[in-house]
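Student: The structure's right below; bear with me while I get my questions together.
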Amino acid sequence: MERICPDCGETDLSKFGFRDGRGGLKYVCKVCENERSKKWLREHPAVNRARVAANRVKNTDRIREKEKEYSLQRRATERGRLDNRLKSSIAGTLRGYKNHKKWQELTGINAEELKKHLQKTIPPGYGWEDYVSGKLQLDHKTPICKFTYQTPDDDDFKKCWSLENMQLLAAFDNGAKGRRG
Ligand SMILES: [Zn+2]
């Protein structure tokens with residue numbers, strides 16, 4: 001079999017891809033085939049946009065799937081459920097949705113105290129309203145996963161959920177630091 005790529009004159013058979021289904025080699029070399037499909041997409045921007053959008057949906061689904069998996073893992077342990085409850089009830093209280101009392105009992109810190117402390121940790125360029133809107137998040141300086149408590153009665157619990165260990169951080173930075181457990 002011989003091939004001469006009509007676009008670039010390539011004759012090395014190993015540079016040609018296989019035809020789907022029908023067997024044998026394609027007429028255009030791999031490099032030029034790639035160029036042709038790029039050119040075609042440039043000439044058909046609507047198709048290109050549709051493909052990009054479809055890929056984005058696929059990726060978003062994958063990310064959502066991962067997050068779901070992660071939160072299920074957390075919910076699978078007593079300790080994970082405790083952490084989740086604390087996080088959401090603290091956020092609910094400080095963002096003004098509902099004044100949850102339980103976390104204040106468990107940590108020994110009251111809402112006003114925590115709010116006052118967190119306000120001092122707001123990164124430059126942000127305000128309290130950014131915490132309310134979710135742009136800032138409650139962050140643990142020493143990550144939750146480094147503590148070994150199982151219940152709120154363990155010493156480690158109070159250290160983890162102490163004023164000194166809590167701060168506000170941009171939601172983006174928090175994510176960039178990786179999963180903090
Ligand atoms: Zn070629």
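The values are calculated or read from the model by the stated rules, or taken from the named source; none is laboratory data. A quick note: this is a predicted structure, and the numbers were derived from the prediction, not measured. Positions of Cβ are backbone-derived with ideal geometry, glycine not excepted, and every protein chain shown enters the neighbour counts.
Student: Taking the stated definitions as given, is Lys116 more than 22 Å from the chain's Cα centre (by Cα) and either at pLDDT 95 or above or part of a helix (DSSP H, G or I) (or both)?
Tutor: yes
Student: Right, next: Taking Thr151 as the residue in question, decide whether it is in contact (Cβ under 8 Å) with a residue 60 or more places away in the chain and outside any helix (DSSP H, G or I).
Tutor: Values: in contact (Cβ under 8 Å) with a residue 60 or more places away in the chain: yes; outside any helix (DSSP H, G or I): yes.
Yes; evaluated as a whole, the condition is true for this residue.
Student: Let me ask something else. Residues Ala50, Ala54, Ala91: which one is under 30 Å from Trp128 (Cα atoms), modelled with pLDDT of 85 or more and not aromatic (Phe, Trp, Tyr)? Steps first, please.
Tutor: Numbers: Ala50 fails: under 30 Å from Trp128 (Cα atoms); Ala54 fails: under 30 Å from Trp128 (Cα atoms).
After ruling out the rest, the residue left standing is Ala91.
Student: With respect to Asp155, is the statement that it is within 18 Å of Ser71 (Cα to Cα), acidic (Asp, Glu) and either surrounded by 14 or more Cβ atoms within 10 Å (Cβ to Cβ) or modelled with pLDDT of 90 or more (or both) true?
Tutor: So Asp155 does not fit the description; no.
Student: May I pose another question? Is it the case that Asp20 is assigned to a loop (DSSP other than H, G, I, E, B) and over 30 Å from Leu168 (Cβ atoms)?
Tutor: Numbers: assigned to a loop (DSSP other than H, G, I, E, B): yes; over 30 Å from Leu168 (Cβ atoms): yes.
When the stated conditions are applied, Asp20 passes them.
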